[in-house]
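For reference, the structure discussed in these notes is given below.
The values are calculated or read from the model by the stated rules, or taken from the named source; none is laboratory data. Everything numeric here is computed off the predicted structure, so don't read it as measured data. Because the Cβ atoms are built from the backbone with ideal geometry, glycine has one as well, and the counts that use them run over all protein chains shown. Protein only, heavy atoms only, side chains kept; ligands, DNA and RNA dropped before computing areas. Shrake-Rupley method; radii C 1.70, N 1.55, O 1.52, S 1.80 Å.
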Amino acid sequence: MTQLPTSTDRKLGLVIDLDTCVGCHACVISCKGWNTENYGAPLSDQSAYGANPSGTFLNRVHSYEVQPEEGAAQLIHFPKSCLHCEDAPCVTVCPTGASYKRVEDGIVLVNESDCIGCGLCAWACPYGARELDAAEGVMKKCTLCVDRIYNENLPEEDREPACVRTCPAGARHFGDFADPNSNVSKLTAERGGMDLMPEQGTKPVNKYLLPRPKDKMEEIDILAPLLAPIALEPKGFMAWLDKTLEKI
Amino acid sequence: MHPAPSVIIFTSLSGLGFGLLVLLGLGLPAPTGIMAFIYFALAYALAVGGLMASTFHLGHPERAFKAFSQWKTSWLSREAWLAVAALIVMALYGAGLVFYDLALAPLGWLGASLSLATVYSTSMIYAQLKTIPRWNTPLTSLLFVILSIAGGGLLAVQIPVALPLLVGAGIVQVVYWIWGDQAFDESGTNMASATRLGDQGSVRAFEPPHTGTNYLLYEFVHVVGRKHAAKLRIISLILMIGTPVLILSMNENIFLILIAVLAHAAGLFVSRWLFFAQAEHVVGLYYGKR
């Protein structure tokens, strides 16, 4: 049923550290790879080598320029996938019961054999986490790699979402937010994990850690006072040329 | 939002069809025999035709029956139930009129209520979405319902009912547009709340995730044609409200009323096109678009 559980035993999700993300898109590729080869309908591409390529992705990395009032602008890479919201609006709008939130771990999933591809769940999601696959006609979304995290056929270190496993910068962390001693709970508490669009009332499980302020190196240069300043005013021929050109 | 023809046809035609069923259920008019058959056939053609159109945009229309299962939470599911219930009750009421010259008034009232509830549930599919500030208001339901019964009154040629409803619908439509134009800015969702980077400086989308387009941009960020919105609003008002009001208040000639009906339907399509094309989804913010 598409009624949301009042509470879930565990709250599995991700912490994404915007301070650490280098914007390499490795998580995008590993996500696409794993979720095309494993659970559910593959993530199709349309005209992948043509003039207008497009395709289904469950994880996309945006890049934003942040211009502070003073100082240089900063580029921030911003990976975005399903936030596995506690109050997931995508689940309650589903007319068929294909979308559901699991009571045992809080993962939001789509039962693809029940999905009619009406797209209403994607309309209800403020984050753009759901994409209707153009080839299969069913809704695709992040499964938190439910077929990895409990998979006993995989070595223990691989039992985490593909995006987390592959991140070379360690910008993605996977864990249980219901456990106050988990890595993700501690990180969120230490760094002040943020909800995206809190005013939408979705109560996202995934948290974002904002870039920390840049530190400044104090200028220590004992030679500087001894060096003569470079003459900025031109002399001789260059001065004449400058004046003449100015007059024209 | 992408103004898909299937949803524009669905909401417009089924709105008119169920609006006509509301009037017929209330006995406005209460024809019998062959005339009743013509009225009911028209109402069913519009209502059922509209509902059929809504399945065209589905990825898997063959599973559409599954949409009846989640009535506890989903407005789309509730709409499916209410539509079927309204169509069955009104078929019984219509059969009484067509075959037995018998108007079972309480059955008609029940059918009218169910038809009205169907239009309301259609409107709630859109009005419930917090992600689309322009739709997330009770005004959406008011607009859908008043347009539906005004159109129904026009189709039923009930001039004393249709005239004030058409004028009322015109007023609601104008208020809806004016209110809607500031809904996104007033919603509190913006680039800063989407990225939470607002405290660090002004945020600008620098680079999208992919060079190509995607489902989200196609479905939610529709900018083509918005520039003609002001003109289209006037065209819509003239066709949907002005023309029928002028004709109804002057003349009862059946050919002129047919023109009024066609003008109303054309204006309604334009209004519904604007309803989708002008609706901005908050996900556009992540792409620096509206």
For region B:184-223, give me each residue that is in contact (Cβ under 8 Å) with a residue 60 or more places away in the chain, polar (S, T, N, Q) and within 7 Å of chain A (Cβ to nearest Cβ). B:189, B:195
Could you run through region A:197-248 and say how many residues are of a type outside the set (Val, Ile, Thr) and either assigned to a loop (DSSP other than H, G, I, E, B) or within 25 Å of the chain's Cα centre (by Cα) (or both)? 31
Of all residues making up region A:135-164, the number that are in contact with a Ser or Thr (Cβ under 7 Å, 6 or more places away or on another chain) and either more than 21 Å from residue A:91 (Cα to Cα) or in a strand (DSSP E or B) (or both): 4
Report those strands (runs of 3 or more DSSP E) wholly inside region A:10-82 carrying at least 2 residues which are within 11 Å of chain B (Cβ to nearest Cβ) and open to solvent by 30 Å² or more (accessible area, probe 1.4 Å). A:59-67, A:74-81
Of (1) at pLDDT 95 or above; (2) surrounded by 15 or more Cβ atoms within 10 Å (Cβ to Cβ), residue B:200 fails just (1)
Picking from A:191, A:165, A:159, the residue that is open to solvent by 30 Å² or more (accessible area, probe 1.4 Å), farther than 26 Å from residue A:100 by Cα and either away from chain B (no Cβ under 14 Å) or at pLDDT 95 or above (or both) would be A:191
Matching residues, region B:273-289, being more than 14 Å from chain A (Cβ to nearest Cβ) and open to solvent by 10 Å² or more (accessible area, probe 1.4 Å): B:273, B:278
Could you list, in sequence order, the residues of region A:205-225 that are within 11 Å of chain B (Cβ to nearest Cβ) and either open to solvent by less than 40 Å² (accessible area, probe 1.4 Å) or more than 18 Å from residue B:199 (Cα to Cα) (or both)? A:207, A:208, A:209, A:210, A:211
Within the bounds of region A:31-39, is there any residue that is closer than 24 Å to residue A:191 by Cβ and of a type in the set (Ser, Thr, Tyr)? no
Would you mind finding the one in B:212, B:201 that is on the phi > 0 side of the Ramachandran plot and either touching a Lys or Arg at 6+ places or on another chain (Cβ under 7 Å) or of a type outside the set (Asp, Glu) (or both)? B:201
Number of the exception - residue B:223 against (1) over 22 Å from residue B:131 (Cβ atoms); (2) modelled with pLDDT under 90; (3) loosely packed, with under 14 Cβ neighbours inside 10 Å: (1)
Note on region A:137-154: residues open to solvent by 20 Å² or more (accessible area, probe 1.4 Å), free of Cβ contacts under 8 Å to residues at least 40 places away in the same chain and not polar (S, T, N, Q) are A:150, A:152, A:154
Working carefully through the options B:113, B:77, find the one that is within 12 Å of chain A (Cβ to nearest Cβ) and of a type in the set (S, T, N, Q). B:77
Picking from B:112, B:85, B:156, the residue that is over 25 Å from residue B:284 (Cβ atoms), open to solvent by 10 Å² or more (accessible area, probe 1.4 Å) and among the aliphatic types (A, V, I, L, M) would be B:85
Does residue B:264 satisfy the condition of being part of a helix (DSSP H, G or I) and open to solvent by 20 Å² or more (accessible area, probe 1.4 Å)? no
What tally of residues in region A:83-108 results from selecting those that are assigned to a strand (DSSP E or B) and either open to solvent by less than 10 Å² (accessible area, probe 1.4 Å) or out of contact with any helix residue (DSSP H, G or I) (no Cβ under 8 Å at 6 or more places or on another chain) (or both)? 2
Select, from B:46, B:58, the only residue that is away from chain A (no Cβ under 14 Å) and over 30 Å from residue A:198 (Cα atoms). B:46
I'd like the full set of residues that are under 26 Å from residue A:94 (Cβ atoms), modelled with pLDDT of 95 or more and not β-branched (Val, Ile, Thr), limited to region A:11-39. A:11, A:12, A:13, A:14, A:31, A:32, A:34, A:35
